[in-house]
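Chemist: Quick one: structure below, then a few questions.
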Amino acid sequence: MQIEERITTSAKPETIFSIYADVERWNTWDPDTKSSFLKGPFAIGSKGRICPTKGNAVPMELTALTPNRSFTVQCKIPLFKMVFDHELSLSEAGTEVLHRVVFSGPLTFILGRIVGAQVRKGLPKTLLSLKRLAESQV
């Protein structure tokens with residue numbers, strides 16, 4: 001199961017990426033995040049936790065990162081995995097921001113529907129809030 005949303009902003013990829021790298025402040029632009037942190041730098045292999053506004057905190061690990069282009073966070077609980085991809089690309093209109101969430105594992109048929117409904121509803125708001133924050137830093 002996969003959900004994705006896109007938005008275009010006038011902010012530069014470097015500006016957006018610096019917002020991404022400030023993990024402890026994700027809740028300032030992501031209304032579905034209550035708190036988040038990494039034990040270590042914003043780098044592949046760093047682990048931490050993310051607590052959604054609805055639900056329990058889950059472990060997270062940064063599994064991929066290309067500075068100013070993309071990063072991936074993976075959250076795993078028994079029998080269910082969520083992969084959050086964040087991609088930035090330049091276009092004539094500005095910077096296109098893509099957020100994708102992929103659910104997998106045996107419990108996807110249950111948890112995917114529950115969590116997926118929240119993600120589908122919240123992702124457009126998250127991207128709009130990220131855009132506003134990034135454009136305010138120009």
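Chemist: Give, in nm to one decimal, the length gained when the segment between ILE77 and ARG100 is fully stretched (0.36 nm per residue of separation minus the Cα-Cα distance). Display every interim value, and only then the final one.
Modeler: On the way: separation 23, 0.36 × 23 = 8.28 nm, distance 1.88 nm.
Gain in length upon complete extension: 6.4 nm.
Chemist: Another question about this same structure. Fewest Cβ neighbours within 10 Å first, please rank MET82, MET1, MET60 accordingly.
Modeler: Working: MET82 24, MET1 15, MET60 21.
Going from sparsest to densest Cβ surroundings: MET1, MET60, MET82.
Chemist: Right, next: Mind checking the dipole of the chain: about its Cα centre, +1 per Lys or Arg Cβ, -1 per Asp or Glu Cβ, Debye to the nearest 20? List each step's numbers first, then the result.
Modeler: Numbers: 18 positive and 13 negative charges, 108 e Å.
It works out to roughly 520 debye.
Chemist: Just to verify a number: FRET efficiency for VAL58 and GLU92, C-beta to C-beta distance, R0 = 41 Å, to 0.05? Spell out each step's value before the answer.
Modeler: Working: r = 38 Å, r/R0 = 0.93.
In this case the efficiency is close to 0.60.
Chemist: Still on this structure, please answer the following. Out of the GluC sites (Glu not before Pro) in the stretch 17-123, which ones are loop residues according to DSSP with at most 12 other C-beta atoms within 10 Å?
Modeler: Passing sites in the stretch 17-123 are GLU92.
Chemist: Using the alpha-carbon atoms, what tilt in degrees (0 to 90, nearest 10) does helix 113-136 show relative to the longest principal axis of the chain?
Modeler: 20
All of the numbers you see were taken from the coordinates with simple rules; none came from a lab. This structure is a prediction, so every number in the text was calculated from the model and none was measured. Cβ: placed from backbone, ideal geometry, glycine included. Neighbour counts: every protein chain shown.
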